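First the structure, in the form of structure tokens, and then the observations on it.
The values are calculated or read from the model by the stated rules, or taken from the named source; none is laboratory data. Since the structure is predicted, the reported quantities are computational estimates derived from the model, not experimental observations. All Cβ positions, even for glycine, are placed from backbone atoms using ideal geometry, and neighbour counts span all protein chains on display. For the accessible areas, the whole protein counts, side chains as well, though only heavy atoms, and no ligand, DNA or RNA atoms are used. Shrake-Rupley method; radii C 1.70, N 1.55, O 1.52, S 1.80 Å.
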Amino acid sequence: RILIVIDVNNYALMVNFHRGVVLHRFKFKKPVREIKFCPDGSKFAVSAGKHVQVWLTPGVRREFAPMVLHKTYTGLVADVTTLDWSSDSSVLLAGGKDCQARVWTVDTVKDYEPWMFIGHKKPVVGVHFEDRNRNTDRNHFF
């Protein structure tokens with residue numbers, strides 16, 4: 001298990017939770033407001049100002065360069081305030097101070113245009129996907 005702790009100066013510690021060993025120290029270039037691991041644990045998303053960065057989750061052993069940036073997502077006009085992953089870890093949802101939310105696919109999909117949800121009058125403070133694994137007893141229409 002990996003634990004990531006980020007302070008107000010954007011310094012991050014990546015820790016092997018079971019052993020209590022610091023695996024890596026890292027400084028993010030932009031202010032981090034939100035960080036979230038995807039459900040399958042292979043990646044984590046970080047709000048970096050008005051961008052969202054998706055990083056590959058490193059192993060639980062010390063490595064020379066464990067932090068690998070998978071992709072940076074843009075499109076929000078102001079800082080990102082909230083993030084969520086779909087239950088299959090293929091889609092990322094972000095909301096921001098610009099009163100909108102955006103949906104991106106984590107891996108490139110041909111001819112995909114990111115969805116944008118607009119219309120809020122105040123900054124978005126929460127975005128959430130339904131957890132399909134926990135709601136299997138309900139009937140779904142899609």
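Results, tabulated for the structure shown:
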item: Per residue accessible area of the chain, 1.4 Å probe, in Å²; result: 66 Å²
item: For Gly96, distant residues with modelled amide H under 5 Å away; result: Thr81, Val124
item: Per-residue SASA entry for Ser87, accessible area with 1.4 Å probe, Å² rounded to 10; result: 40 Å²
item: Protein accessible area in the chain, 1.4 Å probe - carbon and sulfur %; result: 54 percent
item: Rounded if a/c under 1.5, otherwise prolate or oblate - segment 91-133, Cα gyration tensor axes; result: oblate
item: Label point distance in nm, Phe26-Asn10, each placed 7 Å from Cα along Cα→Cβ; result: 1.4 nm
item: Formal net charge of residues neighbouring Lys97 (Cβ-Cβ distance under 15 Å; K, R +1; D, E -1); result: +3
item: Coarse-grained scattering of the chain at q = 0.22 Å⁻¹, given as base-10 log I(q)/I(0) from a Debye sum over alpha-carbon atoms; result: -1.39
item: Aspartates and glutamates whose Cα lies under 19 Å from that of Lys29, excluding same-chain neighbours fewer than 8 positions away; result: Asp7, Asp79
item: Entries of Lys43/Lys97; Lys30/Lys71; Lys30/Lys97 with Cα pairs more than 19 Å apart; result: Lys43/Lys97
